[in-house]
Amino acid sequence: MNTWRVYPLKRLCHVDSSGVWGAEPDACSDPTPVCTTAHISSEGNFDVDSMPRRCLSAEELDRYVCRSGDLIVVKASGSADNVVSGKCGLVRNDEQRFAFGNFLMRLRPRTNIVRSAFLYHVVTSAEMRESIKVAVLTTTYPNLQLGEYLNFKARVPDLGMQDLILDALEVKLREITLLLSNRRRLVTALQEQKRAIFSRAVTRGINPDAPMKHSGLDWLGEMPAHWESRRAKYYFNEIDERSLSGAEELLSVSHITGVTPRSEKNITMFMAESYEGSKLCRPGDLVINIMWAWMGACGVSRHHGIVSPSYGIYRPRDRELFNPKYLDLLSRSIPYVAEYNCRSKGITSSRLRMYSDEFLNLRIVRPPIQEQVEILKHIDVECSRIDGAIARANREIELIEEFRTTLISEVVTGKRDIHQLAALKEPL
């Protein structure tokens, strides 16, 4: 252990404490991808393809474009978790050509003291996260106090020992990554199975002996003969009520969770200074994110709150026509999301929009209200077992991630001998 030395973080790297944003992309012929908080994954990778393109001067390109070995750290964010968790990415090759943005900072390791991969494990360790908790100042949004952050004391061995540690960790982390990948695939498969169950139930009913008729829609096929199908404009009024203060609860519209309070989600985008003029929605309103309708970003609100002025809000003309939960599942069912995709207009998926005229002309199937309740009970029974399996798999993922974090921290601080790694078993 006498080969380990203690350094303040600022001695281990060159620091660029703020990035660049540049000019609008149409100001030059070859705009550069600029990384933001949202483009760094929890595993420390970068989604370069989805980064915004900005025009940078020659001086900005020379200073702010990252190179292999650079660490990009979130120093400020609209989501406190991105800062407190020490969110950081490691540039693993020079082919990932991008600059880092204003709310990020770059740590460029001093290669005669520390390997980039070793430093990445240090700054994302449990010890660093504990230190960050007291180095975060919340004003308009959470941000790191750089003086405290860069004075974090790290124990670092010589380069030879770092190489041995990194080699041993790579083998073990590969095993853990495979295990996590398998569990996440299981969760995805179970969620798809659950979605298939409710999609079939809300569009075809639950009585296998019910007489059927063609819905008149090639994309939907048959439906029970006693159900009705009418254009959405006969069921809904489009609503455009605006908030005078913007003080109501801010809601998020997701293809995964439907309509939920933004406070319950880990949103990486910054909060606006004011939400005055946002659209008001009430419990029972169908809300559609027109930009992401093609993915199924819609649902029925259970809350009184506000959403983006660009979203569509549709209120049932008669509250007795639809059970809100049934309507929520119907709107996010597989056939309807596929039809939203067909009705959305744009040149690329990132620019597709489904406007109100397309939705209001869409035919909506509707069983009698009591049958809607029976369908929901059936779905709850059929999906309860799947929900239990999803919960167990998610808990296993949490335990494995905690094990990985603890393991890395113990190894890179010298608390655990690397020769013990091969015999360690992940918790399940």
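The requirement of being open to solvent by 40 Å² or more (accessible area, probe 1.4 Å) and not charged (D, E, K, R) is not satisfied by Ser79. Of the residues that sit in the range 378-395 and are touching a residue at least 40 places away in the same chain (Cβ under 8 Å) and closer than 18 Å to Ala196 by Cα, which one is farthest from the chain's Cα centre (by Cα)? Selected residue: His378. Tyr149 meets the conditions (1) of a type in the set (Ser, Thr, Tyr); (2) open to solvent by 30 Å² or more (accessible area, probe 1.4 Å); (3) under 29 Å from Gly22 (Cα atoms) in every case but one. The failed one is (2).
State yes or no: is Lys133 open to solvent by 30 Å² or more (accessible area, probe 1.4 Å), among the basic types (Lys, Arg) and at pLDDT below 90? Answer is yes for this residue.
Of all residue pairs spaced 6 or more apart or on separate chains, those with beta-carbon atoms under 7 Å, a first member in the range 23-39 that is in contact (Cβ under 8 Å) with a residue 12 or more places away in the chain and a second member that is assigned to a helix (DSSP H, G or I) are Pro31/Pro25; Thr32/Leu61; Pro33/Val48; Thr37/Asn82; His39/Ser50. Regarding Glu320, is this residue acidic (Asp, Glu), open to solvent by 20 Å² or more (accessible area, probe 1.4 Å) and at pLDDT 95 or above? Criteria not met by Glu320. Of the residues making up the range 216-235, those that are touching a residue at least 60 places away in the same chain (Cβ under 8 Å), outside any loop (DSSP other than H, G, I, E, B) and open to solvent by less than 90 Å² (accessible area, probe 1.4 Å) number 6. Comparison of Ile375, Ile397, Ile390, Ile369 shows that the only residue that is at pLDDT 90 or above, open to solvent by less than 40 Å² (accessible area, probe 1.4 Å), touching a helix residue (DSSP H, G or I) at 6+ places or on another chain (Cβ under 9 Å) and more than 30 Å from Ile176 (Cβ to Cβ) is Ile375. Scanning the range 84-95 for residues that are open to solvent by 10 Å² or more (accessible area, probe 1.4 Å) and not in a strand (DSSP E or B), we see that the one that is modelled with the lowest pLDDT is Val84. Within the range 8-17, one or more residues are open to solvent by 70 Å² or more (accessible area, probe 1.4 Å) and out of contact with any Leu (no Cβ under 8 Å at 6 or more places or on another chain). A Cβ distance below 9 Å, combined with a sequence gap of six or more or placement on separate chains, defines the contacts here; from the range 396-425, residues that are closer than 18 Å to Met128 by Cβ reach residues that are β-branched (Val, Ile, Thr) and at pLDDT below 90 in the pairs Val411/Ile418. Checking every residue in the range 288-297 against the condition of being at pLDDT 95 or above and either of a type in the set (Asp, Glu) or within 24 Å of the chain's Cα centre (by Cα) (or both) gives at least one match. I'm checking my understanding of the structure. Among residues of the range 245-268 that are assigned to a loop (DSSP other than H, G, I, E, B) and touching a helix residue (DSSP H, G or I) at 6+ places or on another chain (Cβ under 7 Å), which one is modelled with the lowest pLDDT? Across the range 245-268, the extreme among qualifying residues is Thr268.
Tell me yes or no: at least one residue of the range 72-93 is touching a residue at least 40 places away in the same chain (Cβ under 8 Å), farther than 30 Å from Leu180 by Cβ and of a type in the set (A, V, I, L, M, F, W, C). Checking the range 72-93: not a single residue is touching a residue at least 40 places away in the same chain (Cβ under 8 Å), farther than 30 Å from Leu180 by Cβ and of a type in the set (A, V, I, L, M, F, W, C).
Here Ala338 passes the criteria (1) touching a residue at least 12 places away in the same chain (Cβ under 8 Å); (2) of a type in the set (Gly, Ala, Ser); (3) more than 26 Å from Gln191 (Cα to Cα) except the one numbered (3). Every condition in (1) over 30 Å from the mean Cα position of the chain (by Cα); (2) open to solvent by 30 Å² or more (accessible area, probe 1.4 Å) is met by Gly414 except one, and the failing one is (2). From the list Phe98, Phe152, the lone residue that is at pLDDT 90 or above and over 27 Å from Glu402 (Cβ atoms) is Phe98.
Residues of the range 323-351 that are outside any helix (DSSP H, G or I) and open to solvent by less than 20 Å² (accessible area, probe 1.4 Å): Ser333, Ser344.
Looking only at the range 57-76, residues that are over 23 Å from Phe152 (Cβ atoms) and buried (at least 22 other Cβ atoms within 10 Å of the Cβ) come to 1 in all. Within the range 1-35, being touching a helix residue (DSSP H, G or I) at 6+ places or on another chain (Cβ under 6 Å) and among the basic types (Lys, Arg) holds for one residue alone: Lys10. For Arg282, the conditions (1) over 17 Å from Asp328 (Cα atoms); (2) at pLDDT 90 or above; (3) surrounded by fewer than 16 Cβ atoms within 10 Å (Cβ to Cβ); (4) not aromatic (Phe, Trp, Tyr) all hold with the exception of (1).
The values are calculated or read from the model by the stated rules, or taken from the named source; none is laboratory data. It should be emphasised that the depicted structure is a prediction, and the values quoted were computed from it without experimental measurement. In this analysis, Cβ positions are derived from the backbone assuming ideal geometry, glycine residues included, and neighbour counts consider all displayed protein chains. The protein model used for the area step is the full one, side chains on, heavy atoms only, and it has no ligands, DNA or RNA in it. Shrake-Rupley method; radii C 1.70, N 1.55, O 1.52, S 1.80 Å.
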